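Where a number appears in this text, it was derived from the coordinates with a stated rule and is not lab data. Quantities reported herein were computed from a predicted structural model and do not represent experimental measurements. Because the Cβ atoms are built from the backbone with ideal geometry, glycine has one as well, and the counts that use them run over all protein chains shown.
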């Protein structure tokens, strides 16, 4: 249980404070409700670009990292399809340093031509390094395009092509900033050795004077039901073949998300999981295999990915995965197997709550998702899932017309000239 206090400033900024006297630290987290799904199809990668631009300096802070390091802290950020998070962790007595830094860039980020040029180069280089030059690095480009036709999940967080960021103008990025990086589109969470009655006046001091932005407005197209299996084979510079089997899933807040999430644990959590035990250890059909969900705010994906063992064709590997998925559809799992997964999930949640940074980030995520109170309710929701729930969701989801298949094959060497 993570107790917290909430206050909403007049400019719309939601502030949540968790008191933890058992640590000398404090974590400060700002979650902006903006991700790659909020981009235009011809201007993708902007949310990720701002993950970098937000460290390029602001009106009173030419170098974000320097004062943070002098305060004994560290900071970072990450971007998703649905939201962007910036965080600091530092000694609790230096809390105001983090509040000052975050408020200054929220109010007056330095969006000039020089910092834009620098960060564009950084982001484009990251795109080339992680997507174009890394084996299987463009998997999410292929999977997103296979499984989504109209929703903006059809491009990955890093962007559709590097040219979208390369061609970004000052007006483009300034418009994006003023639309989304506003107090009324953000959640400030603070967790650590602090008192809420002392923190709230500080948040008023540093954030209260920042004007609210335009009311966030989204009119995202709903992805129509998939009518048939989507398939793609990619010949690329990869060391070994790989297979990806994707399924469309309900959104994060749908009741079926919970049994679906537990299904991935049944399939691939640890060496006693079904896919590892049967396909890696017993039948030696795979050298590695995994399953996970994207947990998107809008309908997302469940992915099973693996690398077939030497001599095993992608077709045989996929057939073996389907055999395991169909087994979940034909008979409910034993209550003991489910209880084991549920206990592991609960222990993971309890362990994660020993970190003030995890608590600050989770409070921000749940407040964006729906309300932060949900963070304390979900363990009970997962524990209430039954074997019949898993079977029903498996039957609904693991269908060929709801699936997509991506296969990587090593590129054939170019023929040598005589």
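What to note about this one:
- Ascending count of other beta-carbon atoms within 10 Å, so fewest first, for 179, 248: 179, 248
- Percent antiparallel among DSSP beta bridges (both partners in the chain, rounded to 5): 80 percent
- Listed peptides 228-237, 336-345 by packing density, highest first (mean Cβ within 10 Å): 336-345, 228-237
- The GNM of the chain, with springs linking C-alpha atoms under 10 angstrom apart, assigns the highest mean-square fluctuation among 172, 65, 265 to 172.
- Based on C-alpha pairs under 8 angstrom that are at least 6 apart in sequence, the chain has a relative contact order of 22 percent.
- Angle in degrees between helix 314-330 and the longest Cα principal axis of the chain, rounded to the nearest 10: 80 degrees
- Paramagnetic reach from residue 178 (point 7 Å along Cα→Cβ, amide N under 16 Å) across the range 92-111: 106-111
- Potential extension, residue 170-residue 202 segment - 0.36 nm per residue separation minus Cα distance: 8.2 nm
- Under the shape rule built on the C-alpha gyration tensor, where the axes satisfy a ≥ b ≥ c, the range 112-156 is oblate, since a/c reaches at least 1.5 while a/b does not exceed b/c.
- Mean residue ellipticity, 222 nm, helices only, the chain: the sum of -39500 (n - 2.57) across DSSP H runs of n ≥ 4, divided by residue count and rounded to 500, is -11500 deg cm²/dmol.
- q = 0.08, 0.09, 0.13 Å⁻¹, the chain: log10 I(q)/I(0) [Debye, one scatterer per Cα]: -0.50, -0.63, -1.22
- Taking all Cα pairs closer than 8 Å and separated by 6 or more residues, the relative contact order of the range 230-410 comes to 40 percent.
- Kirkwood radius for the range 5-207, taken over all pairs of different Cα atoms as the inverse mean of 1/r, rounds to 17.8 Å.
- Relative contact order, percent, the range 5-207 [alpha-carbon distance under 8 Å, six or more residues apart]: 40 percent
- Simple label model, 7 Å out from Cα along Cβ direction - residue 3 to residue 229, nm: 5.5 nm
- Remark: spin-label model distance residue 349-residue 132 equals 4.4 nm, labels positioned 7 Å along the Cα→Cβ axis.
- Here the Kirkwood formula, the inverse mean of 1/r across different C-alpha pairs, assigns the range 153-307 a hydrodynamic radius of 20.5 Å.
- Oblate is the label for the range 103-187, because the ratio a/c of its alpha-carbon gyration tensor axes (a ≥ b ≥ c) is 1.5 or higher and a/b is not greater than b/c.
- Protection proxy ranking, peptides 99-109, 271-281, average beta carbon neighbours within 10 Å, highest first: 99-109, 271-281
- When the chain is treated as a GNM with alpha-carbon contacts under 10 Å, the residue of 41, 225, 152 showing the greatest mean-square fluctuation is 225.
- Order of 381, 23 under a 10 Å beta carbon neighbour criterion, fewest first: 381, 23
- Rounded to the nearest 10 degrees, the angle from helix 113-127 to the longest Cα principal axis of the chain is 20 degrees.
- Within the range 3-22, backbone nitrogen closer than 19 Å to the virtual label 7 Å beyond the Cα of residue 373 toward Cβ: 3-9, 14-19
- On Cα atoms only, tilt of 170-180 relative to the major axis of the chain in degrees: 90 degrees
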